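Computed from the coordinates by the stated procedures, all read-outs in this text should not be read as laboratory data. Model, not experiment: these values are computed from the prediction. Cβ placement follows ideal geometry from the backbone for every residue including glycine, while neighbour counts extend to all protein chains displayed.
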Amino acid sequence: MPVLKGKELRIVGFLCNWCSYGGADTAGVGRFNQPTDLRIIRVPCSGRIDPLFVVKALMNGADGVLVSGCHPRDCHYAEGNFYARRRLEIMQRFLPVLGYEAERFEYTWVSASEGQRWQQVVASFTDQIHKLGPAPKIIGPQAADTLNQMAAAL
Amino acid sequence: MKFQEELKDSIRKALPDLDVVLGWCGSFDPLHATPHFIRREEDIDKLEISPLSVHNLATYLPGLRGKKVGIVVKGCDSRSVVELLQENLINREDITIFGFPCTGVVDQAKIKKALGHAGNVRTCDISDSAIVIQTEDKAHSLTLTQMLADKCRTCRYPDAIISDYFVGDKIGEPAPLETDYAALEAFESLSVPERFGYWLKELDRCIRCYACRSACPLCVCRDHCAAESRDPHWLSQENNVRDKVMFQVIHAYHMAGRCTECGECQRACPVDIPVLMLKQKMNREIRDIFQYEAGVDPEATPPLLSFNMEEENITEKEW
Amino acid sequence: MKIGVFVCHCGSNIEATVDTAAVAAASREFPDVVFATDTMYTCSEPGQDEIVAAIKEHNLGGVVVASCTPRMHEQTFRRTVERAGLNRYLFEMANIREHVSWIGKDRESNTNKSVDLVRMATEKLMRNRPLYSKKFDINKRVLVIGGGVAGIQAALDCADGGLEVVMVEKAPTIGGKMAKLDKTFPTVDCSSCILGPRMVDVAQHPNITLYAYSEIEEINGYVGNFEIKVKKKATYVDWDSCTGCGICMEKCPSKKATDTFNEGIGKTTAINIPFPQAIPKKAKIDPDFCTKIQKGKCGVCAKLCPSGCINYEMQDEFVTEKVGAIVTATGFDLFDWSIYGEYGAGRYPDVITSLQYERMLSASGPTGGHIKRPSDGKEPKNVVFIQCVGSRDKSVGRPYCSGFCCMYTAKQAILTKDHLPDSQSYVFYMDIRAIGKLYDEFTRRAMEEYDTKYIRGRVSMIYPQGDRLLVRGADTLMGAQVEVDADLVVLAVGAEAAAGAGELAEKLRISYDSYGFYMEGHPKLKPVETNTAGVYLAGACQGPKDIPSSVGQGSAAAAKVLGLFSKDQLESDPQVSVVDIKRCIGCGKCIQTCPFGAIKEMEFRGMAKADVIETICQGCGICTSTCPQGAVQLQHFTDNQILSEVNALCRF
Amino acid sequence: MELVKYLKSADLKSWLQELARENRVFAPRNEGDSVIFAPFDPEQEIAIVHPATLPPKKTVFPQSEKLVDFTYSKDPENLSRIMIDGKEVLPEGTAVVFGGRPCDVRGFTMFDRVYLAEKSTDIYYQARRENTTFITLACEKPETTCFCHWVDSGPTDATGSDVLATVVDGGYVLEALSDKGSKLLTSTLLENGESRKDEARKAHEKAAELLQDAPDLSGAPKKVLQVFDTMEFWEEAAAKCLSCGACAYLCPSCYCFNITDETIGMKGTRIRSWDNCMSAQFTMEASGHNPRPTKAHRLRNRVGHKFSYYPDIHDGVISCCGCGRCIKSCPVGTDIREIVLQAIEYEPAVGEEQADEQ
């Protein structure tokens, strides 16, 4: 029951505890309505986010992944988001070679006070993923299962 | 090769102070070479340098840490040495580097394709321009440049970047036979599902032997690779194409900004999966964003282990 | 692990849009969950008792609470499970309020999403391990940044409590904005009479070290053990020997220096003491206006100085101070009103700011307490006050209310009448915000006893007419346009974050809102804490505040510091990185990327290995995402914990 | 039993298609630059001119297979009471493997001694083994890496196969070697092959003639064991080894496996997957101690197992079928023949022997 069929797509968020998770809280406190697709995983810092988590989520069936951390220079740990920015940027540019649209993954910066910005980010990212539609899924252990289904879909 | 004797002399001179010198020698058939570990004076005679000297011997260096090691390097191999030095994985004072002007090494897969089959090679003569291979029933004359590995066709570093001994005349900067990343760009022009399906199809035959990883000079985790670990548990041991693709992504990402595109991963693959392309993709993005090339400067810091407060080439999304 | 799940209604906050009973029922199907229930208020005493009872009855090894954000109550519930004998880290929260019930009304989607979040939390909890804090020594000194009234209060309270205090003030004197005020509302008592003695106390307190005209260059370390690099800016006067006699100032021939203390009303000498009550009362040279420094000629002050303390070659100096806690009291700045073309954008000399007016009212100010028009020195008859200049105005990016302008405008109107009984004051206002003890009564006095004319409306234009200014605005209560001939216009300029607040926040590793005001730990429950342990906030750096609130916060911050230092040792947060030496290959990439220098190389059986210094590690996890083989794992956020959350959400 | 048929080359695909009606049919085909055994697809060319890159090992011993599917469930009255329902996933159906080489198929006979042993039969292996029929293609000429004749076999050795196919002019001579094999040769596409039998015989002789002399490996079990403790020998032999698992995974006679459980939520599977003794994890103990800490230890095991320990308990049979894939596909050209011969020729230094005696 991870997503509601036909209504939602599977979107995973990785948010740093200090800024963006707080920003999402602020959006909640402000009762800023958001689509329900996103599920948030809380991590201490965007620097903790191994870009491979993003790929893991996509390969396990996520349709979109959103990462959000503190604005550059505002990292609670001083440098975490600077590392994150480089690593996540690389991964975003890498995804297309695997056959995932780069737009399935975005990273951004939202501070704890930016409830409205968070609402805006969630709404527009969710919309972006819905426009792309479901991501390709790997079915079964052998490639043939997926390839046959992809061929059938065409 | 013209300088082979000169090289042997250099090694002979250095060997008394070294535990081992890494080079190449003949292998199970005339078309193949194999890594050669020179420990004794008499081992030196077997040393052969030729376009068959495909192996990147830098792969052995981290495992020989603590020993005094000599290593014969092609230009591309020397970049792996530089990268290992840069990452403090080997000690410069323990390594003696023998460089030579490399005019390229063959791609065995291309030869196999040209011959149709390469299981019965009797003799193999390599000149400056051709490889003449005698199988049991036929002599095949192949143009050397066409048989060269792709990395050689785009090579910009034929001479060792660092060396203690350099034999022969340096080539300098050659005109590459091909432009970088042409194949990658062609691949990128395919549709999204085509790209997705490509990797599933190619990696489906992966047997998870991890030769790609074991042959990689910069896969220094060795026995502690995340691929076979339960903690962290990134991958299952199932024969599952998902995990196979995921492993290649892990490998490519861990190589980002470190890979010198020596191509050992792809060369080592017993089932010929074109895994190098994933690393090339990473590298091209690294080059575009950070103007960085791995393995050319022992003092540089790999881009993913550093940062700038303002990133000139990263434009963040506006919402 | 036997897991208990508690799904909170939060009254109707959650229950209104999430079927909490269904969430509890669904979680009973999850692995390891042996007990699940929904409760009205999990955080209340009966709610917590229910958790304790369930832990005992069902022999629970871990607890999930699905309720509000963990930033709200994680600590609360950790204490709860600890009360029942569990390790505090065998607890997870699912945020189904801020992230679910408050952001959407679709009950089906919300319930489904809540189930997902609980599943995720249980999967993570199954991989949680008990963690134990380590104790470490602390340095019981405190740094107070900013010497305004909030900083002074915090410093004195700490110093009186027996702590050593280091105060760093950017300006040559402490006192901040309050020192510039003539009187304070609503008592109309003399500002410097209240503040002056407190400033002197700072100077004389044996526990306080004051660095005036100094700035924070660098902050390293962590709660209990910060290391601060302070830049003492060059004053060109040796303050150790300067007596503050003022002879230099009397004789200085260069009299064109900007008089910052007097808000640019009038000029001062290149060598100057900001004001007679300055603390420290020391001279400093403004090098931009000093002929000796600029042109190599003059040197009068050096010749005349009785203690020979002039040094034209002086350079910035750096000192290092070690402290255990930091109080940030950097205050606010005034909004740059020149953006408003309709008020003349600074072209009309007789349009001034409220703080300039305050200096004019002050007996020690540049006009000696006489209200004079800057243009011609005449006494004004009609004085127009315009409120909300740079406050509550989205068009200039300042949508917030600065809070204190209504009150000081009323005060200034009253003082105007006191100074000039024949004058008439007009106040253009949007709303009167007079929430505070005796505040509303005070504004009413301004209107009723002092006959100030309050006009509800905005001013659309000020333009000169003869030697007067015509102020045109709307009276929205009358529904008419009004025009007032003004001799002097005083703009009630709003507050904005102090210049350089952002840079300082970066050094402190604290966050700030989009206006640059520092973020408190929790808007209600942690008003003076920040999210960085050991860093506290006092005064207007957190948001515009009047004097009583600033002083209150100064004391509150001091209380927090005193509380923190009431123990000899602190407990470290055990959510730190740990190296598995079997897996570590000693490549040192973690050492290279750790922002805190918390990882060192050590030797183990002849091999290099990484080693985390627990008390320095701050738990960011950069090392964990850097280590390719996962040999260094951030406790409580290990790869496997995060992967289990990913797998809980995405299962092919 | 002596059933001989002839199949025209042009009819091969049709025949396999017939067989595919009742069996899963595997045949070698090109995938990229490699030849692997895959479910027969009439759209694709059958690549049987040269030996396949991968042997058909996975047809009986899959790279990974589900052993058990399990589900946890809870007693609704008492959630602490967990029930586990496990179901063995036994392989079903029959399979035909076409185009393996004698060495490839002979490899399974080495599995058989281990997995079909009376005291402990591996039911998963057994189910596939018994339900799989091998149509093996006799080799016409050896490759440089071939050495089946060193290990008591040869290019036309049909041990373990059910049908031996020999390429003759215009088609294949198919000789049934087992009942299973005979049952396959009933198609109307097949002609009587008696008349072409001689041609096949000649092809077999010709293949045998092309072989070079084989060294005597009868002393190998003892000799390889003798150098067990001579780490220097193994360190030199393993110097260039990368400790990857390509040799073992390509080997028709390597049968080691690993078992892991993968659980998601209340459901899980027990998976058996290939493992190999060249991997550091192979002998890694839970404590972190590894009795085979270096690649020298691991290579020693691989060579020792094949040429000494296995023959020691299995009637002297060397558990190497001589296909040479480990040589040909080794990224660094490690040659197992060379190592065995060196072990046989190894003379301990004089000092060393004395030390042993002391």
Eligible lysines near C:Lys2 by straight Cα distance, threshold 21 Å, same-chain separation 8 or greater: C:Lys56, C:Lys124, D:Lys74, D:Lys267
Once you sort the root eigenvalues of the Cα gyration tensor of the stretch B:179-309 as a ≥ b ≥ c, which label holds: rounded (a/c under 1.5), prolate (a/b larger than b/c) or oblate (the other case)? oblate
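Tell me the mean residue ellipticity at 222 nm calculated for chain C from its helices only (DSSP H runs of n ≥ 4, each -39500 (n - 2.57), averaged over every residue, nearest 500). Provide the component values of the computation, followed by the final result.
Working: 17 runs with 177 residues, N = 652.
Taken over chain C, the calculation gives -8000 deg cm²/dmol.
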For the stretch A:73-86, take each phi angle, set θ = phi - 60°, evaluate the Karplus expression 6.51 cos²θ - 1.76 cosθ + 1.60, and give the result in whole Hz per residue in order, putting x for glycine and proline. 6, 9, 4, 4, 9, 6, 10, x, 6, 5, 5, 4, 4, 5
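Would you calculate, for chain D, the mean residue ellipticity at 222 nm contributed by helices, counting each DSSP H stretch of 4 or more residues as -39,500 (n - 2.57) and dividing by all residues, to the nearest 500?
On the way: 13 runs with 106 residues, N = 358.
Helix-only estimate at 222 nm: -8000 deg cm²/dmol.
Given a Förster distance of 60 angstrom, what is the FRET efficiency for C:Glu250 paired with C:Thr76, based on the Cβ-Cβ distance and rounded to 0.05?
Working: r = 63 Å, r/R0 = 1.05.
For R0 = 60 Å, the calculated efficiency reads 0.45.
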Does anything in the stretch C:257-275 have its amide N under 15 Å from the 7 Å Cα→Cβ label point of C:Ala499, and if so which residues? C:258-265
Choose one answer from D:Leu189, D:Leu164, D:Leu177: the residue with the largest mean-square fluctuation in a GNM of chain D with alpha-carbon springs under 10 Å. D:Leu189
Only sites in a loop by DSSP and with at most 15 other Cβ atoms within 10 Å count here; which GluC sites (Glu not before Pro) in the stretch C:350-450 make the cut? C:Glu449
Residues in the stretch B:182-206 near a label at A:Ala151, defined as backbone nitrogen under 19 Å from the 7 Å Cα→Cβ point? B:191-206
Only Cα pairs within less than 10 Å get springs; with that Gaussian network setup on chain B, which residue of B:Arg213, B:Arg39, B:Arg153 has the largest fluctuation? B:Arg39
Listed by chain and number, the lysines with an alpha carbon less than 27 angstrom from that of D:Lys8, same-chain partners under 8 positions apart left out, are D:Lys141, D:Lys180, D:Lys183, D:Lys197, D:Lys202, D:Lys206
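Tell me, which longest segment in chain D has none of the GluC sites (Glu not before Pro) that fall in DSSP loops with at most 14 further Cβ atoms within 10 Å? Could the numbers behind the result be given before it?
Details: sites that count: D:Glu2, D:Glu22, D:Glu43, D:Glu45, D:Glu77, D:Glu92, D:Glu118, D:Glu285.
In short, D:119-284.
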Could you derive backbone 3J(HN,Hα) for the stretch C:178-184 from the dihedral phi with the Karplus parameters 6.51, -1.76 and 1.60 (θ = phi - 60°), listing whole Hz in sequence and x where the residue is Gly or Pro? 5, 5, 8, 7, 7, 10, 10
Local electrostatic count at D:Leu3 - Lys and Arg +1, Asp and Glu -1, tallied over other residues with Cβ under 14 Å: -1
Starting from the 7 Å offset along Cα-to-Cβ, what nm value, one decimal, do you get for the label separation of B:Glu41 and D:Ile84? 6.6
Do any trypsin sites (Lys or Arg not before Pro) in the stretch B:44-144 lie in a DSSP loop with no more than 12 other beta carbon atoms within 10 Å, and if so, which? B:Lys67, B:Lys138
Taking R0 as 56 Å, what's the FRET efficiency between C:Lys526 and D:Ser120 from their Cβ-Cβ distance, rounded to 0.05? 0.30
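On a full-extension model of 0.36 nm per residue, what is the gain between D:Asp315 and D:Leu189, subtracting their alpha-carbon distance, rounded to one decimal in nm?
41.2 nm
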Once you charge only the Cβ atoms, +1 for Lys and Arg and -1 for Asp and Glu, what is the size of the charge dipole of the stretch A:1-116 about its Cα centre, to the nearest 20 debye? 220
Cα-Cα over 29 Å, subset of B:Lys110/D:Lys57; C:Lys282/C:Lys378; C:Lys251/C:Lys411; A:Lys131/C:Lys394; A:Lys137/D:Lys13; C:Lys292/C:Lys507: C:Lys282/C:Lys378; C:Lys251/C:Lys411; A:Lys131/C:Lys394; A:Lys137/D:Lys13; C:Lys292/C:Lys507
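Rounded to the nearest 20 Debye, what is the dipole magnitude of the protein assembly as shown about its Cα centre when Lys and Arg each give +1 and Asp and Glu each give -1 at the C-beta? Walk me through the numbers on the way to the answer.
Values: 171 positive and 198 negative charges, 678 e Å.
Dipole magnitude for the protein assembly as shown comes out near 3260 debye.
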Gained length - C:Glu227 relative to C:Leu470, 0.36 nm times residue gap less alpha-carbon distance: 81.9 nm
Using a Gaussian network model of chain D with C-alpha springs under 10 Å, which one of D:Ile336, D:Ile264, D:Ile48 is most mobile by mean-square fluctuation? D:Ile264
Charge dipole of the protein assembly as shown built from unit charges on the beta carbon (Lys, Arg +1; Asp, Glu -1), centred at mean Cα; most positive-end Cα among D:Thr260, A:Leu147, C:Tyr132 is C:Tyr132
Inter-site label distance for A:Gln120 and D:Glu130 at 7 Å from Cα along Cβ, in nm: 7.1
In terms of Cα to Cα distance under 23 Å, which lysines are near enough to B:Lys13, apart from those fewer than 8 places away along the same chain? B:Lys2, B:Lys46, B:Lys67, B:Lys68, B:Lys74, B:Lys170
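What order do you get for C:Met447, C:Met360 when you list them from fewest to most C-beta neighbours inside 10 Å? Write out the running numbers ahead of the final one.
On the way: C:Met447 16, C:Met360 27.
Least to most surrounded, the residues fall as C:Met447, C:Met360.
Sort C:Asp32, D:Asp75, D:Asp152 so that the residue with the fewest other Cβ atoms within 10 Å of its own Cβ comes first and the one with the most comes last. Walk me through the intermediate numbers first.
Values: C:Asp32 21, D:Asp75 10, D:Asp152 17.
Neighbour counts put them in this order, fewest first: D:Asp75, D:Asp152, C:Asp32.
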For C:Thr209, the residues 5 or more places away or on another chain with a placed amide H closer than 5 Å to its own amide H are C:Val165, C:Val166, C:Met167
Go ahead and run the numbers for FRET between C:Tyr515 and B:Glu312, Cβ-Cβ distance against an R0 of 22 Å, rounding to 0.05. 0.20
Length gained if B:His117 through B:Asp94 is fully extended, taking 0.36 nm per residue and subtracting the Cα-Cα distance, is 4.1 nm
